[in-house]
1. Restricting region B:64-102 to residues that are out of contact with any strand residue (DSSP E or B) (no Cβ under 6 Å at 6 or more places or on another chain) and basic (Lys, Arg), which is modelled with the highest pLDDT?
2. How many residues, within region A:61-88, are closer than 15 Å to B:Asp103 by Cα and either open to solvent by 10 Å² or more (accessible area, probe 1.4 Å) or part of a loop (DSSP other than H, G, I, E, B) (or both)?
3. For B:Lys41, only one of the following conditions fails: (1) outside any loop (DSSP other than H, G, I, E, B); (2) of a type in the set (Lys, Arg); (3) closer than 30 Å to A:Ala10 by Cβ. What is its number?
4. If I go through region B:94-114 residue by residue, how many of them are hydroxyl-bearing (Ser, Thr, Tyr) and assigned to a helix (DSSP H, G or I)?
5. If we scan region B:80-89, do we find a residue that is under 13 Å from B:Gln6 (Cβ atoms) and in contact (Cβ under 8 Å) with a residue 60 or more places away in the chain?
6. Can you work out which of the residues in region B:54-66 that are touching a residue at least 12 places away in the same chain (Cβ under 8 Å) and not aromatic (Phe, Trp, Tyr) is nearest to B:Ser80 (Cα to Cα)?
7. For the structure I just gave you, tell me whether B:Thr59 is of a type in the set (Val, Ile, Thr) and open to solvent by less than 80 Å² (accessible area, probe 1.4 Å).
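The values are calculated or read from the model by the stated rules, or taken from the named source; none is laboratory data. Note that the structure is a prediction, hence the values are computed from the model and not measured. Every residue, glycine as well, gets a Cβ built from its backbone with ideal geometry; the counts of neighbours run over all protein chains shown. SASA here: full protein model, heavy atoms, side chains in, ligands and nucleic acids out. Shrake-Rupley method; radii C 1.70, N 1.55, O 1.52, S 1.80 Å.
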Amino acid sequence: SQKIEQNSEALNIQEGKTATLTCNYTNYSPAYLQWYRQDPGRGPVFLLLIRENEKEKRKERLKVTFDTTLKQSLFHITASQPADSATYLCARGNQGGKLIFGQGTELSVKP
Amino acid sequence: DTAVSQTPKYLVTQMGNDKSIKCEQNLGHDTMYWYKQDSKKFLKIMFSYNNKELIINETVPNRFSPKSPDKAHLNLHINSLELGDSAVYFCASSRGWRATYSDYGYTFGSGTRLTVV
């Protein structure tokens, strides 16, 4: 079955550092991966998408990579701020549009 | 405000009752979804409708019945509620259901926290 796995341990970093979150998938490569941010008591908010044939995508302080050999996507937040503290969700999608989410990684940025 | 809105935000009910959750989007999207988020924060898809037609129906007990009267609304009715149904239910929408629309992502509502006692 298609699975998507994220590090369930919380990530604690210092303000100003780069946060790196990992998303691993099993079986065949998804058509694309999406990253979302979820704050407590709120719904997930879409951040970025990267397609199977793309190696890297950037948006402001965010960078996503897609490594089909390692079956992994990395999500980076540079110059992190306390306001970046949230749970980050990775999701895999196929051509049929079905989106399967990982369990999320909680990020805490300390001032 | 353009958004996905779902009601109620909180729902506390007894086992065996029947309840409904309503969802509306004013984004002009064609596709709507119901997701369930359990206590471990794992988001699992339940149903998806595209332009009022059911396109995804995961392995969900048939006590759960979605209904889409038009493409802007997707409601979820749950019969004979059980303790295990306690979770946060999220409604979401997207421009379309195929991967070609994936650049835009899903827009989620703020969730309905269902507690069955």
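1. The extreme case among them is B:Lys71.
2. Looking only at region A:61-88, we keep the residues that are closer than 15 Å to B:Asp103 by Cα, and these are A:64.
Retained after the next criterion (residues that are either open to solvent by 10 Å² or more (accessible area, probe 1.4 Å) or part of a loop (DSSP other than H, G, I, E, B) (or both)): none.
Final tally of qualifying residues: 0.
3. (1)
4. Let us first name the residues in region B:94-114 that are hydroxyl-bearing (Ser, Thr, Tyr), namely B:94, B:100-102, B:104, B:106-107, B:110, B:112.
In the following step, the residues that additionally are assigned to a helix (DSSP H, G or I) were identified as B:100-102, B:104.
Adding up the residues that qualify gives 4.
5. Just the residues of region B:80-89 that are under 13 Å from B:Gln6 (Cβ atoms), to begin with: B:88-89.
Okay, now just the ones that are also in contact (Cβ under 8 Å) with a residue 60 or more places away in the chain, so B:89.
Taking every residue of region B:80-89 in turn, at least one turns out to be under 13 Å from B:Gln6 (Cβ atoms) and in contact (Cβ under 8 Å) with a residue 60 or more places away in the chain.
6. At the first step, the residues of region B:54-66 found to be touching a residue at least 12 places away in the same chain (Cβ under 8 Å) are B:54-56, B:58, B:60, B:63-66.
Next, from what is left, pick out any that are not aromatic (Phe, Trp, Tyr): B:54-56, B:58, B:60, B:63, B:65-66.
On the way: B:Leu54: 23, B:Ile55: 25, B:Ile56: 23, B:Glu58: 19, B:Val60: 14, B:Arg63: 7, B:Ser65: 12, B:Pro66: 15 Å.
Filtering region B:54-66 for residues that are touching a residue at least 12 places away in the same chain (Cβ under 8 Å) and not aromatic (Phe, Trp, Tyr), the one nearest to B:Ser80 (Cα to Cα) comes out as B:Arg63.
7. Working: of a type in the set (Val, Ile, Thr): yes; open to solvent by less than 80 Å² (accessible area, probe 1.4 Å): no.
Here the answer is no, as B:Thr59 does not meet what is asked.
Quick grid of which residues meet (1) within 12 Å of the chain's Cα centre (by Cα); (2) within 13 Å of another protein chain (Cβ to nearest Cβ):
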residue: A:Asn53; (1), (2): no, yes
residue: A:Lys59; (1), (2): no, yes
residue: A:Asp67; (1), (2): no, no
residue: A:Lys71; (1), (2): no, no
residue: A:Ile77; (1), (2): yes, no
residue: A:Ser85; (1), (2): no, no
residue: A:Glu106; (1), (2): yes, yes
